[in-house]
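Data first, discussion second: the structure below is written as structure tokens.
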Amino acid sequence: MDLVSRWDRVATSFVILSLLATAGCQLFGDPSGMQSGALRIGSSSLTFSTVVIGSSQTLNDTISNTSAASVTISAVTASDSEFNVTAPALPLMLAAGKSVALSVCFTPKNAGATSGQISLMTDEAVNNKHAVAVSGKAVAAGQIIVSPSSVSFGNVQVGKSEAQTATLTNSGGSSVTISQAAASSAGFSLSGLALPVTLSPGQNTPVSIVFAPTVAGVAKGSISMTGVASLTTTTTPGASSGTKPTNASVSVTGDGIVPGQVGVTPGSINFGNVTVGGTQTQTATLTNSGGTSVTVTQAAATGAGFNLSGLTLPFALAAGQSALLQVSFSPQAAGGANGSIAILSSASSSALTISLTGDGVAPGVLTVAPASIGFGSIQVGSSQKQYASLTNSGGSSVTVTQATTTGTGFSVTGLTLPWTLAAGQTVNFSVAFAPQAAGSATGNIAFASNAPAVNLPLSGAGVAPATLAATPASLNFGNVLVGVNQPQTVSLTNGTGSSVTVTQAVASGSGFSVSGLTLPVTLAAGQSTSFSVTFAPAASGSVTGNVAITSTATNSLLNVPMAGVGVTRGVVGTNPASIDFGAVQLGANLTKSETLTNSGGSAVSISQATESGAGFSITGFNVPTTLSAGQSLTFNVTFAPQASGVATGSIVISSNGSSPTVSIPLTGSGASPGQLAVNPTTMTFGNVTVGASQSLTGSLNARGSSVIVNSGSSSSSEFVLSGLSFPLTIAAGQSASFTILFIPQTSGTATGTISFASNATNGAVVDSVTGSGAAAPQHSVALSWNGSTSTVVGYNVYRGTQSGGPYAVLNAAPDPTTTYTDSSVQAGATYYYVVTAVDATGSESAYSNQTQALIPKP
């Protein structure tokens, strides 16, 4: 069916032609009215043999025309996709009395029985559909499987072998020929399988898998069997031949182990010096470093004083296992001794020996000198030391483990315990007496060791002391201005029962001095005296010092630590040092920030901030205020000119800093606003289609001085202003471009104004705009097509918005004519049209060829 489309607009038309793949629409019936023939199928069913998946079998049947008229076979279908008709080629017109072969190919996809039906469609008047039943059976191609899928040999001794049995089975429906078998790892092999070998469906054969390790360690790998499966069976005559590869594998693991081997660590033991009558024990380790178990049958010690323990014989050592031997030396007399441990086992190195040596020595004897210590009279609060020594006068070492001191005020120093003294060795230590109260005191030091115990008696007497105290014990002057004197008072008190004479008081440290103390001065028991310490820093920075007081008290040198910080006076600095506002238009203002910083070492109190000069003012600065050392303060200075021309002023900051006043000069100038002009003053857009738009460009110009444009507005929604961002400052002699867009909403003339508000002396400026809206053209698409050669009652017209559909019908009922006009189109759109033919029963033909129509934009 040929379909022609056309879109029309006022006074203009275009024609778009689309060619068909076939001429006309073939619909229902035969217009000639000739009686069709009658077909006969040779066999009403075809039964296929067993076919292997991946191959196919073809069976033939016969189609005969038994009538006197020709018969057209238009189509043939199969209800199951595994059956496919390969002949005859359709459509086929079979003359009267003629026959043709019907070839059906069975290509199974899944195993099992299947059946279906072949349907032939003809133009016979009475019976135009014929059926042939088809059935067949499919089996999977032969497949090798191996059981088990993995074999583990466990431990196998190096140099020996072990075999396990696996079974190869053909699990498919056709024969399999195994042509190759290979192992991926050394030590594994396959035996008992003569290749190539063919297995029928379901047949199996045993094979042996062998592990013969050549080195110790875990071995892993696989044994792979590869072959081909036949794609035919003996029951499938005429089936397509061929083969299909198949393979199977079994994973194998094993562990090669070496024979058991026993070693001993250490190979020799030296006990060194051991006291006669004492015992020393050391440990040796037996280890089986081989891969199999070993039995230790005998272990015996030889040599005077040597013994073996910790073993129950015989005992087994598994691979990698260890056992401990306890070897002891108990000398009965002084002198050297030698011996050995002999060990027998089932290992390859069956005999092992551990050599033993040691020396017996006489026991140590501990003595202390002097035999006792007397300290005499010691002042309470002080202490005195005396020295003593411990000596080992025996033949073996002595270890002093404890020194226990009894008696109040007595202590031992210089002796770190435990302490071992070799034969003849001496160690020195000190004994201190620090009486806690007046009166006699006794004590003792008991020394514990591996020799007989030793005691050191102690004695002494405590007497009351004389002490001197300072209040306060230390002085901190804090921050003091450079050049200023800061005094503090110190009291000295004799807190004892006897008099104390102060002979000297010396101050050290820059800026510190002592006054008010006449020396020497004697303080009776409980008496006090005072003096002054002054800090007068000469420079900034931290200073430390001390007052050293010398007296006859037990604390003959008394120190009073001192600290202070010299600081400079605060200094107020400004940033920036001056402020220039430049030109500011009358009626406007400009604000800048100013920062005050205290760059001195002490706080500054700002009492006043005074501004002068017409138009200058301060905000964000509240006085009085204090700036710590290094602190800053920021405030705002605003210039709002009162008249044209230059203006000057200042800000004066008053404080207690090193400079009592600081001045910040201020300058600026007042500028009169200029005039604003628009160009062009009138814009004419002409005719613009409704729904479309057109733009024109204009500019704003500043004359005499800069101008601030605050806003721009349109009196009509059909005229749109763009291209400017408000507020906008235009410098003197400069311009700013803008765009006016005309978007007519209805037909007819439209007028309006674009107004710009500014601070210009000539006030607001206006741009007049005018244009005409023209009605958008109406479009339609005219379609025509060739009529059907069959008997039809009319046609349906379909439209879609994309090629190939989907389509929607446009006419409410079949149109008997071969033309149609679509007036419901939109400008700028693209449409796709097809037509169908409808017969008297309401049956509808397939879609005609597609044609396309592109609707112009306004």
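Would you mind calculating the gained length between ALA89 and SER200 on full extension (0.36 nm times residue separation, minus the Cα-Cα distance), in nm to one decimal? Numbers along the way, then the final one.
Values: separation 111, 0.36 × 111 = 39.96 nm, distance 3.98 nm.
Using 0.36 nm per residue and subtracting the Cα-Cα distance, I get 36.0 nm.
Answer rounded, prolate or oblate for the chain, using the Cα gyration tensor with square roots of eigenvalues a ≥ b ≥ c: rounded when a/c is under 1.5, else prolate when a/b is larger than b/c, else oblate. Because a/c hits 1.5 or more and a/b fails to exceed b/c, the chain counts as oblate.
Partners of LYS129 within straight-line reach, counting lysines whose Cα lies under 26 Å from its Cα and excluding those fewer than 8 residues away in the same chain: LYS98.
At 0.36 nm per residue, and after removing the present C-alpha to C-alpha distance, how many nm does the segment from ASN786 to SER103 gain when stretched out fully?
On the way: separation 683, 0.36 × 683 = 245.88 nm, distance 3.98 nm.
Once the chain is fully extended between ASN786 and SER103, it gains 241.9 nm.
The dipole here belongs to the stretch 89-227: it is taken about the Cα centre, uses +1 on the Cβ of Lys and Arg and -1 on the Cβ of Asp and Glu, and is about 80 debye.
Using a simple charge model, +1 on the beta-carbon of Lys and Arg, -1 on the beta-carbon of Asp and Glu, nothing else, what dipole does the chain show about its Cα centre, in debye to the nearest 20?
Its charge dipole is roughly 1420 debye.
Annotation: LEU352 carries an accessible surface of approximately 30 Å², with a 1.4 Å probe and no ligand, DNA or RNA atoms counted.
I need the calculated FRET efficiency for the pair ALA446 and THR619, taking r as the beta carbon distance and R₀ as 60 Å, to the nearest 0.05.
Values: r = 87 Å, r/R0 = 1.45.
With a Förster radius of 60 Å, E is 0.10.
A simple spin-label model places pseudo-atoms 7 Å from Cα toward Cβ; at ALA371 and ALA437 they are separated by 3.3 nm. Computed packing ranks the peptides 485-494, 200-209, 355-364 as 355-364, 485-494, 200-209, most packed first, by mean other Cβ atoms within 10 Å. Dipole orientation for the chain: of the candidates GLY159, ALA470, GLN384, GLN384 has the Cα lying most toward the positive pole (charges on Cβ; Lys, Arg +1; Asp, Glu -1). One chain, two ends: ALA453 and SER556. Fully extended at 0.36 nm per residue, the span grows by 32.9 nm beyond their Cα-Cα distance. Listed by chain and number, the lysines placed with their C-alpha closer than 25 angstrom to that of LYS220 are LYS160; residues fewer than eight positions away on the same chain are left out.
Can you work out the FRET efficiency for the pair ALA216 and ALA304, with r the C-beta to C-beta distance and R0 = 60 Å, to the nearest 0.05?
In this case the efficiency is close to 0.85.
Packing, taken as the mean count of other beta carbons within 10 Å per residue, orders the peptides 256-265, 124-133, 535-544 from highest to lowest as 256-265, 535-544, 124-133.
Distance between the pseudo-spin-label points of THR821 and GLN180 (7 Å out from Cα toward the beta carbon): 8.0 nm. Heavy atoms of the protein chains alone define the surface here; on that basis the chain has 48 Å² accessible area per residue at 1.4 Å probe size.
If R0 is 60 Å, the Cβ-Cβ spacing of SER515 and THR729 corresponds to a FRET efficiency of close to 0.25. Within a straight-line Cα-Cα reach of under 21 Å, LYS857 cannot be paired with any lysines, leaving aside sequence neighbours fewer than 8 residues apart in one chain. Within the accessible area of the stretch 802-841, the carbon and sulfur atoms contribute 52%, probe 1.4 Å, all protein chains present. A probe of 1.4 angstrom, applied to the heavy atoms of all protein chains, finds TRP419 with accessible area near 80 square angstrom.
Rounded if a/c is under 1.5, else prolate if a/b beats b/c, else oblate: with a ≥ b ≥ c from the C-alpha gyration tensor eigenvalues square-rooted, which is the stretch 409-568? Verdict is oblate for the stretch 409-568. Using a simple spin-label model with pseudo-atoms 7 Å out from Cα toward Cβ, THR501 and THR420 lie 5.8 nm apart.
The values are calculated or read from the model by the stated rules, or taken from the named source; none is laboratory data. Every value quoted in this text rests on a predicted model; they were computed, and no experiment measured them. Because the Cβ atoms are built from the backbone with ideal geometry, glycine has one as well, and the counts that use them run over all protein chains shown. Keep in mind that these areas ignore ligands, DNA and RNA; they rest on the heavy atoms of the full protein, side chains included. Shrake-Rupley method; radii C 1.70, N 1.55, O 1.52, S 1.80 Å.
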